[in-house]
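So the structure is just underneath, and the comments pick up after that.
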Amino acid sequence: MVLSPASDVLGQLLERTGLRGQVYCRTVARAPWGLRFPPSGTATLHLVLAGTCHLWRGREVLALGPGDIVLLPRGEGHAVADSLRSPKVELEAWLASRGEGRASYALGGDGVESRLLCGSFGFDEPGAHPALRLLPGHVHLRGASEEARALWPTVSLLEREYERAERGASLVVSRLLDILLVQVLRAWADAQPPGGAGWLGALGDRTLATALGWLHAEPGRDWSVNELARRCGTSRATLARRFTVEVGATPHEYLTQLRMREAARHLKQGEEGLAAIADRVGYTSEFAFNRAFRRVMGMPPGEYRRKARDA
């Protein structure tokens, strides 16, 4: 086996869980203006292309300027407006009033202009995505920062593709949003102290990235810390200590979580029996698999499959 670069672990996870981005509006807003976004259960991304505005999330207020990027990883309800006093239109009602086929939607009065691009990210499983679960309530990259400036070639291409709406644009826009999400995750992880970014931060460490790469490549294997350490070229004690500090879980705990996410994917996608799925993710006992799945996912695998089908 030839290990992929560290970032591929993240890429493989995002691809296997079906994470996909979608732009739902490009807004040309003139003061006074405001939009209210309901809780969605999906991550939301706001890009301030020009002008200024404010974002309210509960009692928290973020002042946003040109080039700012804000990711709300858990899809909480929030509002975006030029001023606290401005009336705020419900997003769904406003989009419905705009009609089909418009690349840019006008909003507000005749005051100072701002331009925003708003998108969301969904994926195949319920609840927070394993990558987004690591993030705080919001990730804010200021437009003047080096991190945000590095992302603007992607943002500019995204805006151009969305505006022109040429052949295949919907696919290009979705892929560019996926790229932008990976770039935001990288920027956030790089800014965290040691151990502050969980396994996302650990991908920047060659030894830990190698260990994570092996676990993700063969989650059904009966991995021991000794075997992982040997393949990473380090001692068992060193790997166990660094893995726990940086990832926030022991190798065994992380492997169990990884196995349950893999099992959930098979439960949702196919008709394979529970015994076969248990064996696929490294359990010779269906009872042990059921117990582990319930502990990690909050319900037995049979119930999970039924709810997934109903959804």
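The values are calculated or read from the model by the stated rules, or taken from the named source; none is laboratory data. In this text, all values refer to a predicted model and were calculated from it rather than measured experimentally. Here the Cβ is made from the backbone with ideal geometry for all residues, glycine too, and neighbour counts use every protein chain on show. Side chains are part of the model used for accessible areas, which takes the heavy atoms of the whole protein and leaves out ligands, DNA and RNA. Shrake-Rupley method; radii C 1.70, N 1.55, O 1.52, S 1.80 Å.
Structural remarks
- Under the Karplus curve 6.51 cos²θ - 1.76 cosθ + 1.60, θ = phi - 60°, whole-Hz ³J(HN,Hα) for the stretch 250-266, x wherever Gly or Pro sits: 6, x, 5, 5, 5, 4, 4, 4, 4, 4, 5, 5, 5, 4, 4, 4, 6
- Ranked order, Lys307, Lys268 - accessible area, probe 1.4 Å, largest first: Lys307, Lys268
- In order through the stretch 186-201: 3J(HN,Hα) via Karplus (6.51 cos²θ - 1.76 cosθ + 1.60), integer Hz, x for Gly, Pro: 4, 4, 5, 4, 5, 8, 8, x, x, x, x, 10, x, 5, 5, x
- The mean sequence separation of alpha-carbon pairs under 8 Å and at least six residues apart, normalised by the residue count of the chain, gives a relative contact order of 18 percent.
- Among Arg295, Arg142, Arg59, the largest mean-square fluctuation in a Gaussian network model of the chain, built with springs joining Cα atoms closer than 10 Å, belongs to Arg59.
- 19 Å reach of a label modelled at Met299, 7 Å along Cα-to-Cβ, counting backbone N of the stretch 238-269: 260-269
- Heavy-atom accessible surface of the chain: percent carbon and sulfur, 1.4 Å: 50 percent
- Options (i) 180; (ii) 154; (iii) 165 - which one matches volume of the Cα convex hull per residue in Å³ as calculated here: (ii)
- One chain, two ends: Arg231 and Arg164. Fully extended at 0.36 nm per residue, the span grows by 19.2 nm beyond their Cα-Cα distance.
- Net charge dipole size for the chain [Lys, Arg +1 and Asp, Glu -1 on Cβ; Debye, nearest 20]: 380 debye
- Among Gly196, Gly143, Gly109, residue whose mean-square fluctuation peaks in a GNM of the chain (springs only between Cα atoms under 10 Å): Gly109
- Cα long-axis angle, helix 301-310 against the chain (0 to 90 degrees, to the nearest 10): 30 degrees
- Heavy-atom surface of the chain, accessible at 1.4 Å and reported per residue (Å²): 50 Å²
- For Glu147, the solvent-accessible surface with a 1.4 Å probe is about 80 Å², rounded to the nearest 10.
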